[in-house]
Amino acid sequence: MAEELAECRQRGLDWLDRSAPPQRPVRAVALQALAADYVTARNLLASGRIAQIKVLLADGITEMGKQGSASDANLIRELFFGSSFDGTIPAPGELLQSARKKAGESEARFRERRSSLLRSFAQFLIQFAQSPPGLAAETDATRPDSASRHYQPPQTGFAPDHAHFTELLANAVNATIIGITNERLLAAIRVALDRKRELGPPDAFWNSLRIVFLGESLLHAVNDEREEFHDPQEALRQRRLERTWALRSIGVFLKRTHSTRWTLYDWPYLPVLTGSLFEFEDGSKLVHLLIRPPRRSASDYLFIDVNDNVDRFSAVFEDIVHRSVSDTMIVPVGAPTGPEFQCNEVRLHARVLKDGSGASGWLPMVIVITWRTRNGKVEALLQLRTEHNAAREENRLSHLGGHILQEDRLRPSGRPLAEVPKAFGSTHETPLSAARRLVRNATGADPGGDLRAITTGRYLYPDKEHLFFFVFALELPESLHIPRQAEMHPSRLAELLAVRLNQVLTSAASLCARTDLSQRAFAAAAEVLALNLTLHDRSDLADMVLGLGDKSAADRASAGAVISELLAAQTAPSWMDSQEVLLEGLAGWHFREFFSALLPLYAEIGIDGAADLAAEVEADERKRAARDRLTDLYQDEHVISLLPQDL
């Protein structure tokens, strides 16, 4: 409906039926049907679709103004009719220029406001046209299901009243939220979206959800309860961590909704206000303002709802969004050239690594191998990937990892470069900047110059972009307190081996259950699994899997049952969920390169048992050959394209 309204505005209501090349009549099927139903239900005299659409729009604009949205109603009238419903309608270009001039806004801001307003008006128009004659002005309190769709009465109270905020958020069709760190926002978004989907379709979402974070460079100027530490640096560190994890967790959650109607922003100025602007299905609006006393916790914040002069507040909210910077991440794409990465183009982070996309190219990545020494023993620190901290490879263990961003190329560690590098290696500022960012975001500590470049690695996918890793090593001090959100857990070598073996066995059992594979695909997967089983001292199972190539489905299923009997659930504790998480295994590169890259590094830094295992693999001819053969297979695009699952 909003798209059809936009088409009608661009053509002009009097010219909807114009058919003079290159112009064709504007179809506006939904709008035309709604207008016809409206005219018929009210026994109005309006002949032809243009007249009926005019009547519907004029009556809808009038009713919208009566319901407290006079400013929005006036703007819509200016866009479609001009200063009056009577008389000849000016040309669309004249209407647009006149409306913008009266609004007194920049072209970009006016365009954004116009688009948002047409969506809101479309929703209002549907509700208005379908309500029974004579009941258009009925109050929300008397309408069924009003709590899920309409204006909420204003209230005041303390900010910890999450129920009130969540109710407003769930009922709104458009929401703009302006906060500092937004560290408590995710829980409200989860509950609000659940309510939307309980009352509506299973894929319900806001028409527009905009969330503004205070820019990281301004967090030092915030005066909150952390100032009671009398330690400005520690207060700033905590704010940065909370902001980082809120930004990441909210972004991860919203990506999982499969909606694109949300945006995260950075506000690069000191906040003029904090709070939310809610727009409801009936066209009404409400501003939910927060009052933050200095050096007080969130439990002492006050809120006040405002529904008078909302349009004045709306202008402030729109100005903040307009002057904010979208948190859209951009990643370079290219190809490895030896130990360096050559950049050829850039892509949006949200659009890469899509299963089945068939996208070509390589993405530069960073992995930081972290460990610490406690009670004289070296322990590897791996991250438990959960729905709170990762968008991919959930319930797996990995060292800190992530994308190298375009920002790391343009401004490594915040320092603009005179010339953007086309290629970079492990010692270049670009991957170092990405590695520092990952460590800082996860731990709150800046690694400084302690990061050590170790190696590079490649990870091939059959159906999307490949990955090129820059691998760094970093010892974390024993005294460093790592936030629980980071889910960084000490892991013994024996535990990692058990997790990996279970991962191999699970894949082998799954392969045996497949009946849809070509002989060539089965043979490729069987060889990869057999080599991995050999490295885990299960040569008996390796030989059994290799011998299934020419066997019947029943024989394979029987072998799969034998392997399934050996599976043992592997779990890891989650700091955030306060429970054990069932592990699926190690993350991709860590699994493939465990014996060829990780184990030698673990041996070098002194992980207990790593040196002995590395020596054992080197001394055992069959294991050494299995390790080397796996390295070759994992770098063979033809083999990877044959594998029926990620191995």
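Bear in mind these aren't lab numbers, they're just calculated from the coordinates by the rules spelled out. Quick caveat, the model's predicted, so the values are computed rather than measured. Here the Cβ is made from the backbone with ideal geometry for all residues, glycine too, and neighbour counts use every protein chain on show.
Laid out as a table, the results:
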read-out	value
5 angstrom amide H check on residue 607, placed H, neighbours 5+ away	none
Gain upon complete extension [residue 569, residue 374; 0.36 nm per residue less C-alpha separation]	67.4 nm
Local electrostatic count, residue 427, Cβ distance below 12 Å [Lys/Arg +1, Asp/Glu -1]	-1
FRET efficiency, residue 107 to residue 351 (Cβ-Cβ, R0 22 Å, nearest 0.05)	0.20
Option label - Rg and Dmax of the Cα atoms in Å computed here, alternatives (1) 26.6, 91; (2) 28.5, 98; (3) 29.9, 94	(3)
Scaled radius of gyration (Cα, divided by 2.2 N^0.38 Å) that the stretch 2-136 gives	1.02
Set of aspartates and glutamates near residue 196 by C-alpha distance (under 19 Å), chain-local residues within fewer than 8 positions excluded	140, 145, 167, 279, 281, 282
Inter-label distance for residue 411 and residue 518, nm, one decimal - labels placed 7 Å from Cα along Cα-to-Cβ	5.0 nm
DSSP bridge pairs, the chain: antiparallel proportion in percent, nearest 5	70 percent
Residue-by-residue Karplus 3J(HN,Hα) for the stretch 624-637, coefficients 6.51, -1.76, 1.60, Hz, glycine and proline x	4, 5, 5, 4, 5, 5, 4, 4, 5, 5, 5, 9, 9, 4
10 Å-binned pair-distance histogram of the stretch 467-541 (Cα, whole percent)	14, 30, 28, 19, 8, 1
Distance between the stretch 377-405 and the stretch 577-608 - C-alpha centres, whole angstrom	10 Å
Antiparallel DSSP beta bridges within the stretch 330-491, as percent of all bridges there, nearest 5	75 percent
Pairwise FRET efficiency - residue 229 versus residue 458, Cβ, R0 = 60 Å, nearest 0.05	0.85
Amide H contacts under 5 Å for residue 347, placed H, 5+ residues apart	331, 333
D (Stokes-Einstein, µm²/s), Kirkwood Cα radius, the stretch 365-440, 1.567 mPa s at 4 °C	92 µm²/s
Between the stretch 501-525 and the stretch 1-71, the Cα center-to-center distance that results, in Å	59 Å
Sparse-neighbour loop sites [GluC sites (Glu not before Pro); the stretch 276-358; at most 15 other C-beta within 10 Å; DSSP]	none
Rotationally averaged projected area of the stretch 330-491 (alpha carbon convex hull; nm²)	9.7 nm²
Rg/Rh for the stretch 271-391, where both radii come from Cα atoms and Rh is the Kirkwood radius	1.16
In Å, descending, principal axis extents of the Cα set of the stretch 142-326	54, 35, 28
Helix-derived mean residue ellipticity, 222 nm - over the chain, DSSP H n ≥ 4, -39500 (n - 2.57), to 500	-13500 deg cm²/dmol
Loop GluC sites (Glu not before Pro), the stretch 495-594 (other Cβ atoms within 10 Å of the site Cβ: 10 or fewer; DSSP)	565
Which listed pairs, of 66/255; 464/551; 54/102, have C-alpha distances above 30 Å, in listed order	66/255; 464/551
Fully extended contour minus Cα-Cα distance, from residue 94 to residue 130, at 0.36 nm per residue	9.8 nm
In the stretch 269-354, chymotrypsin sites (Phe, Trp or Tyr not before Pro) in a DSSP loop with at most 12 other beta-carbon atoms within 10 Å	269
3J(HN,Hα) from dihedral phi, the stretch 483-498, Karplus parametrisation 6.51/-1.76/1.60, rounded to Hz, x for glycine, proline	x, 4, 4, 5, 6, 8, 10, x, 9, 7, 4, 4, 5, 5, 5, 5
Under-5 Å amide H pairs with residue 454, H placed in peptide plane, nonlocal only	471, 472, 473
Residue-span extension gain [residue 561 to residue 337] - 0.36 nm each, minus C-alpha spacing	76.2 nm
